[in-house]
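Undergrad: Okay, handing you the structure first.
The values are calculated or read from the model by the stated rules, or taken from the named source; none is laboratory data. These figures come from a predicted structure and were not determined experimentally. Heads up, the Cβs are rebuilt from the backbone with ideal geometry, glycines too, and the neighbour counts pull from every protein chain shown.
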Amino acid sequence: MIFRLSQKLNDKIKAGALAARPLNENSFADWSAHLFVADRTQYILLSNTKSLYSTVMYAKGVTNDSRFIDRAFGGIREFMEQDGQAFVYHRFIAPASGEVRFAKALDRSVTGSMNDLVFNATICLTEGELSPFDVGFKLNETPFSSLEYSSPREVFTLMATSVPLRQRAANVDHGDEPPSAS
């Protein structure tokens with residue numbers, strides 16, 4: 001699993017020097033994370049690097065890299081389960097949690113899109129008075145030019161339905177449900 005940290009977030013959790021790494025072979029296990037402030041409260045935006053599928057969580061209590069890892073996996077899992085993406089989490093993200101590496105941002109396109117997500121999240125948190133959890137649902141419905149004007153949720157769902165059938169069939173044999181195309 002790769003977490004690509006912004007400089008602000010890296011300064012907060014003291015994860016050390018960040019290396020440049022290519023996109024993870026398992027694109028579900030590559031997430032970008034950014035620390036931001038809205039109404040004097042710190043939040044962390046977690047976005048799948050390829051699809052920009054995102055969730056927002058409080059940053060309070062995230063004081064080191066191990067706490068970040070625990071809270072990030074918990075936040076991603078909880079959000080994906082509520083969004084009907086539990087299969088994807090349990091099949092492609094949870095198995096990658098055994099080895100976590102930190103890295104620099106992938107490229108300027110991802111950084112620019114993350115900045116747009118932070119801007120939209122800040123508005124939702126301050127003016128829309130949404131909870132951080134609910135902000136994720138709003139962000140995932142916003143089309144992005146970097147995604148050819150598709151929403152992060154559409155792209156993430158397409159990624160899940162593009163997984164070879166033999167991988168999905170192996171999971172059904174174990175009682176997991178395949179991803180829905182909704």
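Undergrad: Looking at Asn64, is it touching an Asp or Glu at 6+ places or on another chain (Cβ under 9 Å) and either more than 23 Å from Ser151 (Cα to Cα) or modelled with pLDDT of 95 or more (or both)?
TA: no
Undergrad: What is the number of the single condition among (1) small (Gly, Ala, Ser); (2) at pLDDT 95 or above; (3) crowded, with 17+ Cβ neighbours inside 10 Å that Ala160 does not meet?
TA: Single failed check for Ala160: (2).
Undergrad: Condition check: closer than 21 Å to Ile44 by Cα, surrounded by 14 or more Cβ atoms within 10 Å (Cβ to Cβ) and at pLDDT below 95. Does Leu130 satisfy that? So that I can check it myself, show each step before the final result.
TA: Values: closer than 21 Å to Ile44 by Cα: yes; surrounded by 14 or more Cβ atoms within 10 Å (Cβ to Cβ): yes; at pLDDT below 95: yes.
Yes.
Results for (1) assigned to a helix (DSSP H, G or I); (2) within 21 Å of Ala38 (Cβ to Cβ); (3) out of contact with any Pro (no Cβ under 7 Å at 6 or more places or on another chain); (4) not β-branched (Val, Ile, Thr), shown as yes or no for each residue.
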site: Gly61; (1), (2), (3), (4): no, yes, yes, yes
site: Ala72; (1), (2), (3), (4): yes, yes, yes, yes
site: Ile76; (1), (2), (3), (4): yes, yes, yes, no
site: Leu106; (1), (2), (3), (4): no, no, yes, yes
site: Val118; (1), (2), (3), (4): yes, yes, yes, no
site: Ile123; (1), (2), (3), (4): yes, yes, yes, no
site: Arg153; (1), (2), (3), (4): yes, no, yes, yes
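Undergrad: Working carefully through the options Leu52, Leu45, find the one that is at positive phi, modelled with pLDDT of 95 or more and not acidic (Asp, Glu).
TA: Result: Leu52 is the single residue among Leu52, Leu45 that is at positive phi, modelled with pLDDT of 95 or more and not acidic (Asp, Glu).
Undergrad: Please pick out the residue among Arg77, Arg4 that is basic (Lys, Arg) and farther than 22 Å from Gly112 by Cβ.
TA: Going through Arg77, Arg4 in turn, just one is basic (Lys, Arg) and farther than 22 Å from Gly112 by Cβ: Arg77.
Listed here are the residues, each with its yes/no results for (1) among the β-branched types (Val, Ile, Thr); (2) closer than 29 Å to Ala17 by Cα.
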{"position": "Thr63", "(1), (2)": "yes, yes"}
{"position": "Phe68", "(1), (2)": "no, yes"}
{"position": "Arg91", "(1), (2)": "no, no"}
{"position": "Leu106", "(1), (2)": "no, yes"}
{"position": "Asp116", "(1), (2)": "no, yes"}
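Undergrad: Among the residues of segment 50-71 satisfying the criterion of being in contact with a Phe, Trp or Tyr (Cβ under 8 Å, 6 or more places away or on another chain) and either over 23 Å from Arg40 (Cα atoms) or without any contact (Cβ under 8 Å) to a residue 60 or more places away in the chain (or both), which is surrounded by the most Cβ atoms within 10 Å (Cβ to Cβ)? Steps first, please.
TA: At the first step, the residues of segment 50-71 found to be in contact with a Phe, Trp or Tyr (Cβ under 8 Å, 6 or more places away or on another chain) are 51-53, 55-59, 62, 65, 68-69.
Okay, now just the ones that are also either over 23 Å from Arg40 (Cα atoms) or without any contact (Cβ under 8 Å) to a residue 60 or more places away in the chain (or both), so 51-53, 59, 62, 65, 69.
On the way: Ser51: 24, Leu52: 25, Tyr53: 29, Ala59: 22, Val62: 22, Asp65: 18, Ile69: 18.
Among those residues, the one meeting the criterion is Tyr53.
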